[in-house]
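First comes the structure, then the notes that go with it.
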Amino acid sequence: MLDADRIPRHVAIIMDGNGRWAAAKGVPRLAGHNAGMKAMIEIVDRADKLGIKHLTVYAFSTENWKRSAEEVSGIFKLLIKYVQSELKKIMDNNVRIRILGDPSAIPQDALRSVEKAINDTADNTGLQFNIALNYGGRDDIRRAVSSIAEEVREGKISPEDITEDTISDRLYTGKEFTGCGDPELIIRTSGEERLSNVLLWQCAYSEFVFVDDLWPDFTPEKFEKAIEVYQNRNRRYGGR
Ligand code: FPP
């Protein structure tokens, strides 16, 4: 049973396995991503109902540009479709959409769609749904370091003043951006047990739960099971 009093504040998900799901069914990879989007919608709903404050999904990494042009443009078309079909429900549910990463490089129509979702939901106070788009953990740290170096150059701070918080605050998850902080739990589907450049600084104390299901098969019930695994692990170290 889930302990409603110990729901993690921030959960991040590496939604892996859309391609293998499609291959197993003998359908195009994009059909896998479409099924993945449907799974994502259900997980957002459940995260909201469970009272999770921040849900981050890894939708498109800085490395995903290496995929075929057709697949890349198909994923961004899905993003547009997602905003079109879900924005009303997202508003009704008081969900706020944010982006982790640098969306300026994504196709213009997808960018417009994302900006609309961000602007329309800016005052919503419920679940914050962070979509990692053109996000990479190393790039996140590089940007933070670069902005700190700039402030040192301008004489605003000195090197001795740099603390861990100085770095955390400047990451996409930091106070100066989305404010979602570090995830207590990171879930990866499809049986792969890697971080693949997600939230590298922020995962220092995260619990990892790896599940074998391919992402389109990941249901809200399986999501709750993963949170239960997290809660059971935490209980063991309850004294800490
Ligand atoms: C990983 O599966 C999935 C992605 C890189 C894309 C994630 C996209 C969605 C879940 C749907 C679209 C949602 C938005 C917000 C655009 P994979 O293709 O790496 O699977 P594989 O490892 O089996 O090939």
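Worth a mention:
- Fraction of the pair-distance distribution of the chain above 32 Å, Cα-Cα pairs, percent: 19 percent
- Rg and Dmax [Cα atoms of the range 71-176; Å; Rg one decimal, Dmax integer]: 16.6, 50
- Value of relative contact order over the range 1-158, rounded to a whole percent, pairs C-alpha under 8 Å and six or more apart: 26 percent
- In the chain, excluding the sites themselves, the longest stretch lacking any of the chymotrypsin sites (Phe, Trp or Tyr not before Pro) that are in a DSSP loop with at most 12 other Cβ atoms within 10 Å is 1-204.
- Rg/Rg_ref, the range 42-101, where Rg_ref = 2.2 N^0.38 Å and atoms are Cα: 1.29
- The residues of the range 90-233 expose, per residue, 48 Å² of accessible area to a 1.4 Å probe.
- Whole-number D in µm²/s for the range 16-55 (Stokes-Einstein; Kirkwood sum over Cα pairs; 20 °C, 1.002 mPa s): 196 µm²/s
- Using the Stokes-Einstein relation with a Kirkwood hydrodynamic radius computed over Cα pairs, the translational diffusion coefficient of the range 71-122 at 4 °C and a viscosity of 1.567 mPa s comes to 115 µm²/s.
- 27 Å Cα-Cα reach of Lys89 towards lysines, excluding residues that sit fewer than 8 places from it in its own chain: Lys38, Lys49, Lys53, Lys77, Lys81, Lys116, Lys222, Lys225
- For Ile97, the residues 5 or more places off, or on other chains, whose built amide H falls under 5 Å of its own are Thr121, Phe129.
- Taking packing as the residue-averaged number of other Cβ atoms within 10 angstrom, the listed peptides 188-199, 45-56, 155-166 run from highest to lowest as 45-56, 188-199, 155-166.
- Rounded to the nearest whole angstrom, the semi-axes of the ellipsoid equivalent to the range 126-240, taken from the Cα gyration tensor as √(5λ), stand at 32, 17, 12, largest first.
- For q = 0.26 Å⁻¹, Debye-computed log10 I/I(0) when each Cα of the range 1-90 counts as one equal scatterer: -1.39
The values are calculated or read from the model by the stated rules, or taken from the named source; none is laboratory data. Please read these numbers as outputs of a predicted model, since none were measured by experiment. Note that each Cβ is placed from the backbone with ideal geometry, even for glycine, and that neighbours are counted across all protein chains shown. In case anyone asks, the SASA skips ligands and DNA or RNA and just uses the protein heavy atoms, side chains included. Shrake-Rupley method; radii C 1.70, N 1.55, O 1.52, S 1.80 Å.
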